[in-house]
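K.L.:
Before I ask anything, let me first share the structure, which is written out below as structure tokens.
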Amino acid sequence: MSRIAEARVIATCPGRNFITLKVVTEDGLHGLGDATLNGREMAVFSYLNDHVIPTLIGRDAARIEDTWQYLYRGAYWRRGPVTMTAIGAVDTALWDLKAKAAGMPLYQLLGGRSRDGVLCYGHANGEDVAATVEEVGRYLKLGYKAVRAQCGVPGLPSTYGVSKDKMFYEPAGAAVPEENVWSSEKYLNSVPELFSALRKEYGFTPHLLHDVHHRLTPIEAGRLGKALEPYALFWMEDPTPAENQESFRLIRSHTTTPLAVGEIFNAIWDCKDLIENQLIDYIRCTVTHAGGITHLRQIAALAALHQVRTGCHGATDLSPVSMGAALHFDLSVPNFGIQEYMRHTPETDAVFPRAWRFDNGYLHPGEAPGHGVDINEALAAEHPYRPASLPVNRLEDGTLWHW
Ligand code: KDG
Ligand code: MG
């Protein structure tokens, strides 16, 4: 393997925005990393271009760990989503390069297979209980063994996770954030009814998941977890904002519904207390937002000590490059739990040719050297970046709330 000759950041919008880092070595190999931070894309674009790429040129591409330490410790200003997404992109691109140079699929460098396929969950949603039940059935017919179910809340004009059109849910929209209305009281009354209907219709074999999206207080989350116990969820996700890791002790003391947290975490320090105190069951950090394969392996190793399993974030804002890298990690990591999987648009799939595939409820990273995802730069250039933001949330009285 040789030195890094060139690195560039590619912004493209084949239906939604993606930022991709391409690192090219002197011997002509290239590696890719996803650098997409939904709604804050240009912050990472600039961080990479202005502060990271100048330090990469001439560096030995084989020194993945040292490069990680250089970008993390060396920056003085540590952590945060922008910095860690940029580091994650470099790290993923270097692992891709190392595996390509070795002529192996990345999972072989990570210790080889720990399983035959990667269990994934799809996203079903509907305006009301009947529509959501029907949609879950559609996913089960497609072969999914696990489905996340989100449902409209009676009395609220819109809610997180429920599509406005027939396509799967896509939260990023207008350049200036849209404002949604939220009521925890209305939501809390409606969720148990959904899962009761789902278990009645499909029994207890399919795994069912639900995302609260950070909206409840700890005691409300405890109440919801308890109310959902009869329906044996695979997990209840992000019940409350997790800045205060200690608050999960309260939730935990009220419910045995498994808890999943971490899609917005970017470093091991964000989940250290949650993991060490066994306050969660699944850790949802990604390669993209949590410092790449190198750092995610460290988080997973800590989690393994405490019987916490992985459940990597895989919404549409994680590019096919992110999914490619995640699947090699998932296939190899001992304490794997599940992988989130939201399909991308055909335009996105055309821009990012890939080796990974879905088959009967499982994802497979494929046997191509590296992580197996490439970018068609000419096609990417046909889809220029368009500013788009995630919505914000207000309570019915106008108070700003968590989205
Ligand atoms: O960019 C934000 C989305 O990734 C997030 O809202 C999706 O919560 C999400 C999930 O679980 O996929
Ligand atoms: Mg989520």
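K.L.:
Check which residues have an amide H placed less than 5 Å from Leu259's amide H, if you skip close sequence neighbours.
P.N.:
Those qualifying (amide H under 5 Å, at least 5 residues apart or on another chain) are Met236, Asp281, Tyr282.
K.L.:
Write down the percent of antiparallel bridges among all DSSP beta bridges whose residues are both part of the chain, to the nearest 5.
P.N.:
Of those bridges, close to 45 percent are antiparallel.
K.L.:
While we're looking at this one, here's another question. Can you work out the Karplus-derived ³J(HN,Hα) for every residue in segment 310-322? Use 6.51 cos²θ - 1.76 cosθ + 1.60 with θ = phi - 60°, whole Hz, and x for glycine or proline.
P.N.:
8, x, 4, 4, x, 6, 4, 7, 8, 6, x, 5, 4
K.L.:
At a threshold of 8 angstrom on Cα-Cα distance, excluding pairs fewer than six apart, so keeping six or more, what relative contact order does the chain reach in percent?
P.N.:
Relative contact order here is 22 percent.
K.L.:
Next question, about the same structure. Quote the relative contact order of segment 1-49 in percent (integer), defining contacts as alpha-carbon pairs under 8 Å separated by 6+ residues.
P.N.:
33 percent
K.L.:
While we're looking at this one, here's another question. Per DSSP helix of 4 or more residues, -39500 (n - 2.57); summed, then divided by the residues of the chain. What does that give at 222 nm, rounded to the nearest 500?
P.N.:
Result for the chain: -10000 deg cm²/dmol, rounded to the nearest 500.
K.L.:
To continue, here is another question. Using mean Cβ contacts within 10 Å as the protection proxy, how do 250-259, 330-339 order, highest first?
P.N.:
330-339, 250-259
K.L.:
Using label points projected 7 Å from each Cα along Cα→Cβ, tell me how many nm separate His254 and Tyr202, to one decimal.
P.N.:
With each label point 7 Å from Cα toward Cβ, the separation is 2.7 nm.
K.L.:
Something else: Give me Rg/Rg_expected for segment 121-221, where Rg uses Cα atoms only and Rg_expected = 2.2 N^0.38 Å with N residues.
P.N.:
Normalised Rg, Cα atoms only: 1.08.
K.L.:
To continue, here is another question. At a threshold of 8 angstrom on Cα-Cα distance, excluding pairs fewer than six apart, so keeping six or more, what relative contact order does segment 208-248 reach in percent?
P.N.:
Relative contact order, segment 208-248: 60 percent.
K.L.:
Beta carbons within 10 angstrom, averaged per residue: use that to sort the peptides 141-150, 50-59, 341-350, highest first.
P.N.:
Those peptides, ordered most packed to least, come out 141-150, 341-350, 50-59.
K.L.:
Please label the shape of segment 9-133 as rounded, prolate or oblate, based on the square roots a ≥ b ≥ c of the eigenvalues of the alpha-carbon gyration tensor (a/c under 1.5 means rounded; beyond that, a/b larger than b/c means prolate, else oblate).
P.N.:
Note, shape of segment 9-133 comes out oblate.
K.L.:
So, counting K/R as plus one and D/E as minus one, what does the shell of residues with Cβ under 11 Å around Thr205 add up to?
P.N.:
Result for the neighbourhood of Thr205: +2.
K.L.:
What does the charge dipole of the chain about its Cα centre add up to, to the nearest 20 debye, if the Cβ of each Lys and Arg holds +1 and the Cβ of each Asp and Glu holds -1?
P.N.:
660 debye
K.L.:
So what are the ³J(HN,Hα) numbers for segment 254-271, from phi and the Karplus equation (6.51, -1.76, 1.60; θ = phi - 60°), rounded to whole Hz, Gly and Pro as x?
P.N.:
After applying 6.51 cos²θ - 1.76 cosθ + 1.60, I find 10, 8, 9, 4, x, 10, 10, 8, x, 5, 9, 6, 10, 8, 4, 5, 6, 10 Hz.
K.L.:
Where Lys and Arg each count +1 and Asp and Glu each count -1, what net charge lies around Val321 among other residues with Cβ under 9 Å from its Cβ?
P.N.:
Local net charge: -2.
K.L.:
Further question: On full extension of the chain, what length is gained from His306 through Lys272, given 0.36 nm per residue of separation minus the C-alpha to C-alpha distance?
P.N.:
Contour length minus the Cα-Cα distance gives 11.2 nm.
Computed from the coordinates by the stated procedures, all read-outs in this text should not be read as laboratory data. On a predicted model such as this, the values are computed, not experimentally measured, just so you know. Using ideal geometry, Cβ is built from the backbone for each residue, glycine included, and neighbour counts are taken over all protein chains shown.
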